[in-house]
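See structure below.
The values are calculated or read from the model by the stated rules, or taken from the named source; none is laboratory data. All values reported here derive from a predicted model rather than from experimental measurement. Every residue, glycine as well, gets a Cβ built from its backbone with ideal geometry; the counts of neighbours run over all protein chains shown.
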Amino acid sequence: MGKGRMSVLLLLLFFSFCSASDQKWRKAMISTDKGSSMMMNRVGSSILFPIHGNVYPTGYYNVTISIGQPPKPYFLDLDTGSDLTWLQCDAPCVHCVEAPHPLYRPTNDLVPCKDPLCAALHPPGDYKCENPEQCDYEVEYADGGSSLGVLVRDVFSLNYTNGIRLSPRLALGCGYDQIPGSSYHPLDGILGLGRGKASIVSQLQSQGLVRNVVGHCLSGRGGGFLFFGDGLYDSSRVTWTSMSQELTKYYSPGIAELQFGGKATSVKNLIVVFDSGSSYTYLNSQAYQTLTVLVSSEAISEHLQNFILLISTDIYFLKLDIVTSCLVVFLNNWEYNNN
């Protein structure tokens, strides 16, 4: 999750994010198993990934994606709180941390500074092209971690759920200088699933390969699945929640209040952000203090035995005894009508 987000309430739930637009979908060239190509309408097509990991004790989830020619597997941390997908990169690497696989060897297909994807990674008017031939990036996360590198394009080996293979060229970060954060996990990089143009789902959508829908469902026993596209869920069985049109940078349903035991508290006007890249639920100081008092008071009134409240000054962790639960929300001005 990017920097500057610690002042909001951040809820980590078992959820799916869904967005779509009503534009007409063009036909796209895709490769079949035999290497030939065909014209196919992409409406309803989806890409599915198994998810590995758990909330506890591992504390994070990841997917495996094959990138490059020939394709090589990489373990990527799912992050709906940021847009950029990046790998630790042998460019050469100035500072890289321990990872499950050898460093990514970049292609010579550099994304130029003037490319719209490069502009999307920087605040408006805050980026100067020191080298017009390449796009430099730096992304920082709430846990203090960061990645510095350049944007390149390479082949992603993906599969539709109907078995058809495709090999789009997508932009990703070649990270040659990493600083691990406090919640560092030994992975090869980050899979950016945010709402911006540079996210993988947005790039696939712009090429007409999937609709702009990203979702994931996580099991309380560990694992789960991640999907791109709108061909895997039954809309009639989905509870839809609109995303805020003011907070367009994040997945946020808007303003919320803190309730305890089904009753209102004095904490209101909290901005909620869904971030799959965070293992915990973060609260601002007012909400945190209120919650700790309420939980402690409840424990005393119920005469709980062996009660231990494990809370630091800025985070708490809630483990739910839920086997599988999915919260689905929709984004990007797309309205769903269940008639």
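A compact table of results
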{"quantity": "Residue within segment 122-138 that is hydrophobic (A, V, I, L, M, F, W, C) and out of contact with any helix residue (DSSP H, G or I) (no Cβ under 9 Å at 6 or more places or on another chain) present", "calculated": "no"}
{"quantity": "In segment 169-200, residue nearest to Glu138 (Cα to Cα) [restricted to those that are basic (Lys, Arg) and modelled with pLDDT under 95]", "calculated": "Lys197"}
{"quantity": "Residue, farthest from Tyr280 (Cα to Cα), within segment 53-68, restricted to residues that are modelled with pLDDT under 95 and out of contact with any Asp or Glu (no Cβ under 7 Å at 6 or more places or on another chain)", "calculated": "Gly53"}
{"quantity": "Enumeration of residues in segment 73-101 that are charged (D, E, K, R) and within 23 Å of Leu117 (Cβ to Cβ)", "calculated": "Asp77, Asp79, Asp83, Asp90"}
{"quantity": "Of the criteria (1) outside any loop (DSSP other than H, G, I, E, B); (2) touching a Gly at 6+ places or on another chain (Cβ under 7 Å); (3) not acidic (Asp, Glu), which one Ser244 fails", "calculated": "(1)"}
{"quantity": "Selection from segment 80-95 of residues that are in a strand (DSSP E or B) and surrounded by fewer than 24 Cβ atoms within 10 Å (Cβ to Cβ)", "calculated": "His95"}
{"quantity": "Among the residues listed as Val323, Val293, Val238, Val272, the single one being at pLDDT 50 or above, under 19 Å from Leu218 (Cα atoms) and of a type in the set (A, V, I, L, M)", "calculated": "Val238"}
{"quantity": "Single condition Gly144 does not satisfy, out of (1) in contact with an Asp or Glu (Cβ under 6 Å, 6 or more places away or on another chain); (2) within 24 Å of Gly181 (Cα to Cα)", "calculated": "(1)"}
{"quantity": "Single condition Asn333 does not satisfy, out of (1) part of a loop (DSSP other than H, G, I, E, B); (2) modelled with pLDDT of 55 or more", "calculated": "(2)"}
{"quantity": "Complete set of residues in segment 116-132 that are more than 15 Å from Ala171 (Cβ to Cβ) and surrounded by 10 or more Cβ atoms within 10 Å (Cβ to Cβ)", "calculated": "Tyr127, Cys129, Asn131"}
{"quantity": "Hits in segment 67-99 (condition: under 20 Å from Phe49 (Cβ atoms) and aliphatic (A, V, I, L, M))", "calculated": "Ile67, Leu76, Leu78, Leu84, Leu87, Ala99"}
{"quantity": "Single match in Gln203, Gln259, Gln286 (criterion: under 17 Å from the mean Cα position of the chain (by Cα) and at pLDDT 85 or above)", "calculated": "Gln203"}
{"quantity": "Residues located in segment 209-248, provided they are surrounded by fewer than 16 Cβ atoms within 10 Å (Cβ to Cβ) and among the charged types (D, E, K, R)", "calculated": "Arg221, Asp234, Arg237, Glu246"}
{"quantity": "Failed item, numbered, when Ala99 is tested on (1) buried (at least 21 other Cβ atoms within 10 Å of the Cβ); (2) within 19 Å of His185 (Cα to Cα)", "calculated": "(1)"}
